[in-house]
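The values are calculated or read from the model by the stated rules, or taken from the named source; none is laboratory data. Since the model is a prediction, treat every value here as computed from it, not as a measurement. Using ideal geometry, Cβ is built from the backbone for each residue, glycine included, and neighbour counts are taken over all protein chains shown. Just the protein is used for accessible areas: all its heavy atoms, side chains included, with ligands, DNA and RNA removed. Shrake-Rupley method; radii C 1.70, N 1.55, O 1.52, S 1.80 Å.
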Amino acid sequence: MDIFLHICCGPCALYPIGVLKAQGMHITGFFYNPNIHPFREYERRVEALEEVARVKDLPIVWDGSGYGLKDWLSSLDGATAQKERCPLCYEMRLERSAKEARDRGFKYYSSTLLYSKYQRHGLIREIGQEKARKFGIEFYYQDFRRGWIEGIEEAVALGIYRQPYCGCIFSESERYAKRIKRLSDRLKERREVL
Ligand code: SF4
């Protein structure tokens, strides 16, 4: 069976690739993630997936539009809180993945977003299925979260870059919230001294 697999990043792809291959699937990966910022981070994640593709001998379709900061921000329409922006972010990526899968003649598609413990799993499944219906294909659902540790161990063994935050600039600032606070406190104190 052929499957079109949306890949959010190299490390998250390792476990799903192993499982799908063991199930006899022929995988074509698809990298479309305009949510990853800033550019140097986007570039590092592309390089990490290039390495995974080489190690796993996996064909990848790279989205031709490249670094998509502007498109992503305009699709959010001001929604910056996690509960508002993440559904829009899933929508954008899964819609494009389902369309691309249909256009390329695939009957099945899926996403490595189903691997992450930190994503809204149920919502990804729902949106994935909704987009599949829209484009007349099927969303191949699997709970890849059960391989969370296995996937991390493989990424570490391969020396693949593992990112410290989900992807968008908002998730980066949430990830470093404590450091941001400590730094602003320090700067505030200095200002008072001056
Ligand atoms: S936290 Fe992750 S899923 Fe949510 S909007 Fe940012 S990049 Fe997208």
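Points worth noting:
- Taking the listed residues Phe139, Phe144, the one that is more than 10 Å from the ligand (Cβ to nearest atom), touching a Leu at 6+ places or on another chain (Cβ under 7 Å), of a type in the set (A, V, I, L, M, F, W, C) and under 19 Å from Pro16 (Cβ atoms) is Phe144, with no other qualifying.
- Of all residues in region 145-194, none satisfies the criterion of being at positive phi and open to solvent by 100 Å² or more (accessible area, probe 1.4 Å).
- Residue ID - farthest from the chain's Cα centre (by Cα), chosen from residues in region 26-44 that are in a loop (DSSP other than H, G, I, E, B) and crowded, with 18+ Cβ neighbours inside 10 Å: His37
- Criterion: in a helix (DSSP H, G or I) and under 28 Å from Ala22 (Cβ atoms) - qualifying residue of Lys188, Lys117, Lys131: Lys131
- Those residues of region 152-170 which are within 16 Å of the ligand (Cβ to nearest atom) and without any contact (Cβ under 8 Å) to a residue 40 or more places away in the chain, in sequence order: Pro164, Tyr165
- Test: Leu88 is in contact with an Asp or Glu (Cβ under 9 Å, 6 or more places away or on another chain), assigned to a helix (DSSP H, G or I), within 21 Å of His121 (Cβ to Cβ) and open to solvent by less than 50 Å² (accessible area, probe 1.4 Å): no
- Qualifying position, being open to solvent by less than 40 Å² (accessible area, probe 1.4 Å) and either among the hydroxyl-bearing types (Ser, Thr, Tyr) or in a loop (DSSP other than H, G, I, E, B) (or both), among Leu49, Leu58, Leu20: Leu58
- Top-ranked residue of region 61-82 - restricted to ones that are out of contact with any strand residue (DSSP E or B) (no Cβ under 9 Å at 6 or more places or on another chain) and among the aromatic types (Phe, Trp, Tyr), ranked as least open to solvent (accessible area, probe 1.4 Å): Trp72
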